[in-house]
Amino acid sequence: SKHPDPFHTLREVEILDAKTREKLCFLDKVEPHATIAEIKNLFTKTHPQWYPARQSLRLDPKGKSLKDEDILQKLPVGTTATLYFRDLGAQISWVTVFLTEYAGPLFIYLLFYFRVPFIYGHKYDFTSSRHTVVHLACICHSFHYVKRLLETLFVHRFSHGTMPLRNIFKNCTYYWGFAAWMAYYINHPLYTPPTYGAQQVKLALAIFVICQLGNFSIHMALRDLRPAGSKTRKIPYPTKNPFTWLFLLVSCPNYTYEVGSWIGFAIMTQCLPVALFSLVGFTQMTIWAKGKHRSYLKEFRDYPPLRMPIIPFLL
């Protein structure tokens, strides 16, 4: 007897709970070239509470999540595939997360800048600081978050559509809390300008502006690497824009410039909470940069050997 074409035998897929091994779903007659995304959609029909973004399907209960674009017949499974399901929890779109994270600090900072009632005591309600640096700091802070909001809407391309809802509370506590803490001191009626006066402010402003331009340039360069709607990954290289030349030495110059901006802002305001915010941000961004650097090295054999994750020649 002739064997049927092994590549077009309809497959069976059983989905078990990764923790309890309980059978959640059995799909018969699955096309061999079905993707994991399509299997997730079929699973959702029997379990509507788990929409595709909440699902992690894996070949091994403790293994890595399969990618949405993985194809059933290319996975190391027989005609009956056993997949293990984990619930990733309620999901929220990245765009929503970023808009919430960044609109908060923008709004909160302005409450302190305009000295709305109940912050500094009655006689200061809606008064204005007499120090130029305070007004400049407000412009810089607002510019930074407006830039971030516009980039979220028009520049960034996200490789994952969603993230767990619980993350938004953690992230907002960080961004909103620090914005309030910095704004309280910088806009305080007793605030004193930096020690070296106008010279210090001008130097710091230059650092801030250069780093903001650099950060934007890197975001644009990264956006141009990934065509709309695709998930292709390429090695980022410097372009004609001089701000992108930092790619010669670091894998994540967007983080390098971001940290530089906050260092500039800390020098300009000479405010301890800003310095702490810069330090915490630098620590977190170093972790992200190292992760990104590792995945570049793993993915690309010809990755430039000179590059460091975030600080040239150092880190």
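To the nearest 10 degrees, how steep is helix 166-186 against the longest Cα principal axis of the chain, on a 0 to 90 scale?
Compared with the principal axis, the helix lies near 10 degrees.
What is the spin-label model distance, in nm, from residue 158 to residue 9 if the labels are put 7 Å beyond Cα along the C-beta direction?
With each label point 7 Å from Cα toward Cβ, the separation is 4.1 nm.
Return the FRET efficiency for the residue pair residue 114, residue 295: r is the Cβ-Cβ distance, R0 is 30 Å, and the value is rounded to the nearest 0.05.
Between residue 114 and residue 295 the formula returns 0.10.
With +1 on each Lys and Arg Cβ and -1 on each Asp and Glu Cβ, and nothing else charged, work out how big the dipole of the chain is about its Cα centre, in Debye to the nearest 20.
I would put it at about 360 debye.
State whether the range 8-80 is rounded, prolate or oblate according to the following rule on the C-alpha gyration tensor (a ≥ b ≥ c being the square roots of its eigenvalues): a/c under 1.5 gives rounded; otherwise a/b larger than b/c gives prolate, and the remaining case gives oblate.
Since a/c stays below 1.5, the shape of the range 8-80 is classed as rounded.
What do you get for the angle between helix 197-225 and the principal long axis of the chain? Use alpha-carbon atoms, 0 to 90 degrees, nearest ten.
Approximately 20 degrees, to the nearest ten.
With n ≥ 4 as the cut-off for DSSP H runs, can you work out [θ] at 222 nm for the chain, using -39500 (n - 2.57) per run divided by the number of residues, rounded to the nearest 500?
-16500 deg cm²/dmol
Taking a threshold of 18 Å on the Cα-Cα distance, which of the pairs 231/292; 45/67; 234/298; 67/231 fall above it?
As for pairs spanning more than 18 Å Cα to Cα, those are 45/67.
In the full protein assembly as shown, how much of residue 188 is accessible to a 1.4 Å probe, in Å² to the nearest 10?
40 Å²
If you put +1 on each Lys and Arg Cβ and -1 on each Asp and Glu Cβ, how big is the dipole of the range 111-186 around its Cα centre, in Debye rounded to 20?
Dipole magnitude for the range 111-186 comes out near 80 debye.
Can you give the net charge of the other residues whose Cβ lies under 14 Å from the Cβ of residue 97, counting K and R as +1 and D and E as -1?
Counting the neighbours of residue 97, the net charge comes to +1.
Calculate, for residue 77 and residue 230, the FRET efficiency according to 1/(1 + (r/R0)^6) with r their C-beta to C-beta distance and R0 22 Å; round to the nearest 0.05.
About 0.25, to the nearest 0.05.
Leaving ligands, DNA and RNA out of it, rank 68, 28, 224, 125 by accessible area with a 1.4 Å probe, largest first.
Putting 68, 28, 224, 125 in descending order of accessible area: 224, 28, 68, 125.
Straight-line reach from residue 202: which lysines fall under 24 Å, measuring Cα to Cα and dropping same-chain residues less than 8 apart?
147
Quick one: if you stick a label point 7 Å off each Cα along the C-beta vector at residue 107 and residue 90, how many nm between them?
Distance between label points: 1.9 nm.
With contacts defined as alpha carbon pairs under 8 Å and 6 or more residues apart, what's the relative contact order of the chain in percent?
14 percent
If you rank 169, 43 by how much accessible surface each has, with a 1.4 Å probe, what is the order from largest down?
Accessible-area ranking of 169, 43, largest first: 169, 43.
Have a look at 53, 34, 128 and report the one farthest towards the positive end of the charge dipole of the range 1-130, computed about the Cα centre with Cβ charges (Lys/Arg +1, Asp/Glu -1).
Of the options given, the answer is 128.
Which of the chymotrypsin sites (Phe, Trp or Tyr not before Pro) found in the range 264-313 are loop residues per DSSP with 12 or fewer other Cβ atoms within 10 Å of their Cβ?
Sites meeting the loop and neighbour criteria: 300, 313.
When only the heavy atoms of the protein chains count and the probe is 1.4 Å, how do 22, 31 rank by accessible area, highest first?
The residues order as 22, 31, largest area first.
Dipole size in debye (nearest 20) for the range 161-315 around its Cα centre, Lys and Arg Cβ +1, Asp and Glu Cβ -1?
So the dipole magnitude of the range 161-315 works out to roughly 620 debye.
I'd like the orientation of helix 272-299 relative to the chain: the angle between its Cα long axis and the longest Cα principal axis, in ° from 0 to 90, rounded to 10.
30 degrees
The values are calculated or read from the model by the stated rules, or taken from the named source; none is laboratory data. Everything numeric in this text was worked out from a predicted model, so none of it was measured. FYI the Cβ positions are ideal-geometry reconstructions off the backbone, even for glycines, and counts take in every protein chain you see. To get the accessible areas, we keep the full protein, side chains included, count just its heavy atoms, and leave off ligands, DNA and RNA. Shrake-Rupley method; radii C 1.70, N 1.55, O 1.52, S 1.80 Å.
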